[in-house]
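Below you'll find the structure, written out as structure tokens, and then a few comments.
The values are calculated or read from the model by the stated rules, or taken from the named source; none is laboratory data. Computed from a predicted model, the values in this text were never measured in an experiment. Glycine also receives a Cβ, built like all others from the backbone with ideal geometry; neighbour counts cover every protein chain displayed.
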Amino acid sequence: MTSLGFRVLRYDQRAHGRTPRGQAPLTIEQLADDLHHILRALAPTGPLVLAGHSLGALVLQELAAQRPRLLPRIRGMVLLSATAHGASVLPGRSPRALLLAAGRSLFALTCAYAPQAVDRVRRLLPDTHRYTLTPRPGTGPDDGPPPCRHGVRHTPTADLAALWQSLRRYRARHLPTLEQLGGRLLLMAGADDHHIPATHTRQLADRLSRSRLEILPRTTHALPIRHPALISARIAHLATGPDADSHLPKDPSFPNAPLSEQFH
């Protein structure tokens, strides 16, 4: 995006990567409020393109509900693996899906009620295991955010459990506010996503009748990893489109600043 003249801002949400949990509860509402403060500090004026995947998509939905005055500045929004119903334990009705749901539920209960025991097990896992709690060697706070696939290495089990519960309980609210984005809102989902099924994203798109929807075949929940070039192109198209420019009104809750930002 920098080659197009836009500044790209990326951040680790609280309890993600190397960002600590802090004292606030791990809820979608709190994460949306965190994002609002980031935007207020780093992108107080100018058009925005916002993109989020999974939990990040829910945070953007909640941000729109909390801060409707921000909408006139949003040139585009890309919601990847989005839903109005939170994450799903049961991805389908097949025997395999039922077995997967039972395993997930048992694991979630263990993480919620015995997180320290799970942490001890995770520390014993080899460094190559995706759920190990040991940060990858050779990385530190000055090396930038860890790769997405290694982010969970830095997150204690209790925080993972809290995030999962927040995902499970989340229900989108004030969707008419989000509907105001119209064609500037793009929803994308993987057809083989077992965490947030594409049917959930389609149901959300049905409730946001003016939005656009793309279902990508043979794609799981790892949508941004599987199709990074495609998603970047979609974001760039929104960023360079004619729908928003310097005539966008300023969010009155933000201080004056001469920056024009794109938030990714």
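The table below lists the values:
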{"quantity": "Wholly enclosed helices (runs of 4 or more DSSP H) of the stretch 33-133 bearing at least 3 residues of a type in the set (A, V, I, L, M) and within 22 Å of the chain's Cα centre (by Cα)", "calculated": "55-66"}
{"quantity": "Odd one out for PRO95, checked against (1) of a type outside the set (Val, Ile, Thr); (2) at pLDDT below 90; (3) under 26 Å from THR155 (Cβ atoms)", "calculated": "(3)"}
{"quantity": "Those residues of the stretch 199-227 which are crowded, with 21+ Cβ neighbours inside 10 Å and of a type in the set (Gly, Ala, Ser), in sequence order", "calculated": "ALA205, SER211"}
{"quantity": "Residue identified as assigned to a helix (DSSP H, G or I) and either modelled with pLDDT of 95 or more or within 23 Å of LEU39 (Cα to Cα) (or both) among PRO252, PRO176", "calculated": "PRO176"}
{"quantity": "Hey, ARG75 among the basic types (Lys, Arg) and in contact with a helix residue (DSSP H, G or I) (Cβ under 8 Å, 6 or more places away or on another chain) or not", "calculated": "yes"}
{"quantity": "Pick from the stretch 165-191, criterion over 17 Å from the mean Cα position of the chain (by Cα) and surrounded by 17 or more Cβ atoms within 10 Å (Cβ to Cβ), ranking: farthest from GLU62 (Cα to Cα)", "calculated": "ARG184"}
{"quantity": "Residue tally, condition out of contact with any Lys or Arg (no Cβ under 7 Å at 6 or more places or on another chain), among the hydrophobic types (A, V, I, L, M, F, W, C) and closer than 22 Å to PRO228 by Cβ, over the stretch 58-84", "calculated": "6"}
{"quantity": "Count - residues of the stretch 114-154 that are of a type in the set (Val, Ile, Thr) and at pLDDT 85 or above", "calculated": "3"}
{"quantity": "Members of the stretch 12-32 that are touching a residue at least 60 places away in the same chain (Cβ under 8 Å) and part of a loop (DSSP other than H, G, I, E, B)", "calculated": "ASP12, ALA15, HIS16, GLY17, ARG18, ARG21, PRO25, LEU26, THR27"}
{"quantity": "Residue count, the stretch 49-58 (criterion: at pLDDT 95 or above and over 17 Å from LEU238 (Cα atoms))", "calculated": "0"}
{"quantity": "Any hit, the stretch 228-248, residues being surrounded by 17 or more Cβ atoms within 10 Å (Cβ to Cβ), at pLDDT below 50 and assigned by TED's automatic domain parsing to the domain that holds LEU71", "calculated": "yes"}
